[in-house]
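Note sheet for the following structure.
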Amino acid sequence: MQKYKLNRLQTTKLIGPIVDKHWADLRAAKENGELVAWCSGPMFAFPYAMKMKCHFMAGYAAYAAGRGAGQRLLEIAEDEGDLLDACSYHKAHMGMAAAVKKNIPVKEEVILPLPDLMITGRLCPEMSHYAEGLYRRMNINVIGIDSPPPAKESDIPAMEKFCEHQIRESLIPTLEGICGKKFDYDNLSRILSVLKETALLRNECWEYFKCTPSPWTLWDYGVSIAPVFYLMGSPEAVPYYKKLKAELKKRSEQKIGAIEPEKHRIYWDGWLPWGFLGQFSRKMTNLGMVPLVGRYPWEFFPHPETIDTEGDPVVAFAKQVYSNGGLARQNMPSMSLPQIHKWIEEYKLDGVIMFSSKSCRMWNLGHNDFIKAIERKNGIPGVVIDGDMVDARLNSEAQIETRLEALSEMMTARQK
Amino acid sequence: MKQGALEKCIQISEDPYSYLSNLKNESKKKIISCFAMHIPEEIIHAAGMLPVIAWRSNESVTLGHSHVAPYNCGLTRSFVDDIVLGKLEFIDGIVVHRMCLQAQGMPFILDQNAKLPYLEYLSMPALYDSIPIKDFLLEEIKRFQTGIEKYAETQITDEKLNKSIEIYNKNKVFLNEIYEMRRQNPGIIKAREMLCVVHASMIMPKEEHTKLLGEIIAELKKKEIDPAVKNAHKVIISGSMCQTPNLELLDMIEELNMVVVDDDLFIGSRYIANPVEIGDTPLKAIAERYLKRTPPCPTKGDIKFDWTDYLIEMLERNKAKGIINLLIKYCPPHMCYYPDIKNKLAERKISEIMIEVEHEVISMAQAKTRLQSFVEIIGGV
């Protein structure tokens, strides 16, 4: 039986301390007299511009799950009345807020200060539900910026204008009121400049997914995501991606694959399974499967070359959410399928995995029809794997293994 | 024997497929399915087409599960199942409003499998406090109207739209009259019947339905209430957001010495709330209706209006003894709000029970045990 080996990158080991520092700074913010925002959705650039400390919903849930505290937070939320089937990200926050409010024991590193402002992005309606819940339970000051995903290209201009107007007329005045000072447009431009430089480097790294064997996996990309998203503008971002790029370059020159030998190149759809990356990695490695591109990981500023750092930063940001971006459009299956077809050819992919989160309906609608459309157009097989990004109770080891094996067999049969 | 108006509503509610298929054959009118809440049906009507609200079928999902995972709500799964089974061939088009994540993902599945000549996705915004929300809403409704005009090959004048609004408002007035009769005379119409009457309104041309309502109101005015019902405990039903509740469950509630005196169901008082103001700017008036914060709707992203307060006010106004919350499994807007309803009602010492309902599987025996316990609590036994 063929044995496969996982070659871990050295650079990704540097990300842990960067992420830990972010959350540690956030925990200490109140003691340091700093204002705190929480964000569901991509609007954290704006509190950052005002030098507030800021949390990000999915980033926090991934962090808490990675620290092994996800399940405990879900249990606390359920003790408070939340239901098993509700979004795990929603419940992780409700659990944490309840732990803070009622002094319920939970790992110290996942406790956060309650915010001075909660900003909901509403890319998905549940982002709003979570902010509404915090308002009702904690009386937290909440502001909403609706960011509806477009169903077709012609929807984009009006939605982009809508997003921009909400930021300008609603979010910025609110931040000015809370911070007691004028909005710092220059700082926002600076943050976008750092983001641009970081994301350009990130894209150069992404290109290495085209190499055969691929020197890194989508999981490596996932753990590197923070500097191009919720750690936007941080000074560690550019050096991190420079080191990462150098390591990928070296590996590709030496033909070192992330998984050796590389047997199957995989498209991954849906959330990355944040709480279970190691578990999935081991199972996929055993079958020689390398997860490469995916529409969720690609949604974070995929076209940084279009970021206008000289003009109005609010316009530039709204464009990154809509016309030049991926955040809003990748959430709609109709907008993302053409991109997936293209990736399959460009990255020479052999199969697709649709990771269908049972507690999150953002990605799971359309998964079976994706597989059919991909089979028709690209001629490669796919499977749906049901699970969850945080909740271990919704992941079945046996089902994951069976479906991975089935996919492996289908791909092997077609490769012959 | 001539079929009564109430019986006709029940028949249409129970089998909308036959009714709409026949209607289509006879009238040749285009039928547009609306998925599901808050869609401005008046615009579709003004274009000479028939808007019908998407419903949950009476059958288990089969082929639909090849397209929608079982951990999605019954309405989504059932609607897709009906589409892929070809049960909705009388429908010419579908409009889906982004009321939840399931609605967000559905147009893609419909487009892949139904290939309808008209498929629209409507993004009416959250009710956040800002001017851009109002501007975007109006633009979105205008965009919807333009698309409908193009598909129907007609122009919707303000006059036509006001006429449709008037027809829809009149239907709401009549339905509200029946609701008020039930509030004043609990038991005059059963919960199942009330639901079917509203559901028929979502399917039939409003002009015909309003005629039936006139007959139903006349019949109810003559009706003697069963003396046993007078001693029943008044309850409110809440939830079941955009999907038909299980009718047997409604019967069970009323067979257990409770009487439903009011509700906030979508296929209920929620659908008939807020008539549109007739005036010079009907599109703006339609937008104004959507912006109203009552009945509070968890799909609208309204941060500050409290659904529980609304329920408490309804309970007190009706002198009801408790609230039965019907929570559809896998309905995120309701799921995320429910803990706050439960906790606030508990703080106020208001009796409440939540029954989780599902499209295929509902344990009626378990529901009965829980409802028996609930009636003992509210009855002080």
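The values are calculated or read from the model by the stated rules, or taken from the named source; none is laboratory data. Computed from a predicted structure; not experimentally measured. All Cβ positions, glycine included, derive from the backbone under ideal geometry; neighbour counts span all protein chains shown.
Listed by position, the helices (runs of 4 or more DSSP H) contained in the range B:203-315 that have at least 3 residues being in contact with a Phe, Trp or Tyr (Cβ under 9 Å, 6 or more places away or on another chain) and modelled with pLDDT of 95 or more are B:206-222. Just checking, does the range B:285-303 include any residue being at positive phi and either outside the structural domain of residue B:187 (by TED's automatic domain parsing) or buried (at least 19 other Cβ atoms within 10 Å of the Cβ) (or both)? Yes: the range B:285-303 contains one or more residues that are at positive phi and either outside the structural domain of residue B:187 (by TED's automatic domain parsing) or buried (at least 19 other Cβ atoms within 10 Å of the Cβ) (or both). With respect to the stated conditions, residue A:90 is part of a helix (DSSP H, G or I), within 23 Å of residue A:149 (Cα to Cα) and either of a type outside the set (A, V, I, L, M) or outside the structural domain of residue A:137 (by TED's automatic domain parsing) (or both). With respect to residue A:114, determine if the residue is more than 22 Å from the chain's Cα centre (by Cα) and not in a helix (DSSP H, G or I). Judged against the criteria, residue A:114 is a match. Checking each residue in the range B:132-170 for being among the polar types (S, T, N, Q) and farther than 23 Å from residue B:96 by Cα picks out B:157, B:162.
In the range B:123-146, what residues are facing chain A (nearest Cβ under 7 Å), among the aromatic types (Phe, Trp, Tyr) and touching a strand residue (DSSP E or B) at 6+ places or on another chain (Cβ under 6 Å)? Of everything in the range B:123-146, just one residue is facing chain A (nearest Cβ under 7 Å), among the aromatic types (Phe, Trp, Tyr) and touching a strand residue (DSSP E or B) at 6+ places or on another chain (Cβ under 6 Å), namely B:128.
Scanning the range A:373-383 for residues that are over 26 Å from the mean Cα position of the chain (by Cα) and part of a helix (DSSP H, G or I) returns A:375, A:376, A:377, A:378.
Picking from residues in the range A:360-378 that are free of Cβ contacts under 8 Å to residues at least 24 places away in the same chain and either surrounded by fewer than 19 Cβ atoms within 10 Å (Cβ to Cβ) or among the aliphatic types (A, V, I, L, M) (or both), the one that is nearest to the other protein chains (Cβ to nearest Cβ) is A:372. Kindly provide the set of residues from the range B:68-97 that are in contact (Cβ under 8 Å) with a residue 24 or more places away in the chain, within 8 Å of another protein chain (Cβ to nearest Cβ) and surrounded by fewer than 24 Cβ atoms within 10 Å (Cβ to Cβ), ordered by number. Hit for the range B:68-97 is B:71, nothing else. Tallying residues that are more than 13 Å from every other protein chain (Cβ to nearest Cβ), β-branched (Val, Ile, Thr) and either farther than 14 Å from residue A:286 by Cα or under 20 Å from the mean Cα position of the chain (by Cα) (or both) within the range A:384-411 yields 1.
If I ask for residues that are on the phi > 0 side of the Ramachandran plot and surrounded by 20 or more Cβ atoms within 10 Å (Cβ to Cβ), which ones from the range A:255-281 would you list? Spell out how you get there, then give the answer.
Residues of the range A:255-281 that are on the phi > 0 side of the Ramachandran plot, as a first pass: A:255, A:270.
Scanning the range A:255-281 gives a single hit, A:270.
If the condition is being in a loop (DSSP other than H, G, I, E, B) and surrounded by 21 or more Cβ atoms within 10 Å (Cβ to Cβ), then the range B:330-367 contributes B:330, B:331, B:359.
Restricting attention to the range A:86-131 and to residues that are surrounded by fewer than 17 Cβ atoms within 10 Å (Cβ to Cβ) and of a type in the set (Asp, Glu), the residue that is farthest from residue A:331 (Cα to Cα) turns out to be A:108.
Residues of the range B:16-35 that are buried (at least 17 other Cβ atoms within 10 Å of the Cβ) and in contact with a Leu (Cβ under 6 Å, 6 or more places away or on another chain): B:31 alone. I need the full set of residues from the range A:237-254 which are hydroxyl-bearing (Ser, Thr, Tyr) and crowded, with 23+ Cβ neighbours inside 10 Å, in order please. Within the range A:237-254, A:240, A:241 meet the criteria.
Taken over the range B:316-350, the criterion of being more than 13 Å from chain A (Cβ to nearest Cβ), in contact with a Phe, Trp or Tyr (Cβ under 9 Å, 6 or more places away or on another chain) and more than 22 Å from residue B:360 (Cα to Cα) is satisfied by B:322 alone. Only one entry of B:153, B:180, B:120 meets the criterion of being away from every other protein chain (no Cβ under 14 Å) and under 23 Å from the mean Cα position of the chain (by Cα), and that entry is B:180. Regarding the range A:286-301, can at least one residue be identified that is in contact with a helix residue (DSSP H, G or I) (Cβ under 9 Å, 6 or more places away or on another chain), polar (S, T, N, Q), surrounded by 24 or more Cβ atoms within 10 Å (Cβ to Cβ) and modelled with pLDDT of 95 or more? Checking the range A:286-301: not a single residue is in contact with a helix residue (DSSP H, G or I) (Cβ under 9 Å, 6 or more places away or on another chain), polar (S, T, N, Q), surrounded by 24 or more Cβ atoms within 10 Å (Cβ to Cβ) and modelled with pLDDT of 95 or more. All conditions but one from (1) at pLDDT below 95; (2) more than 11 Å from every other protein chain (Cβ to nearest Cβ); (3) surrounded by fewer than 18 Cβ atoms within 10 Å (Cβ to Cβ); (4) touching a strand residue (DSSP E or B) at 6+ places or on another chain (Cβ under 9 Å) apply to residue A:230; the one that does not is (3). Select from the range B:48-67 the residues that are surrounded by 21 or more Cβ atoms within 10 Å (Cβ to Cβ), of a type in the set (Gly, Ala, Ser) and more than 14 Å from chain A (Cβ to nearest Cβ) and write down the one among them that is farthest from the chain's Cα centre (by Cα). Residue satisfying both the conditions and the ranking: B:57.
If you check A:70, A:133 for being of a type outside the set (Val, Ile, Thr) and facing chain B (nearest Cβ under 9 Å), only one passes: A:133.
Scan the range A:141-174 for residues that are surrounded by fewer than 22 Cβ atoms within 10 Å (Cβ to Cβ), in contact (Cβ under 8 Å) with a residue 24 or more places away in the chain and within 7 Å of another protein chain (Cβ to nearest Cβ) and the total you get is 1.
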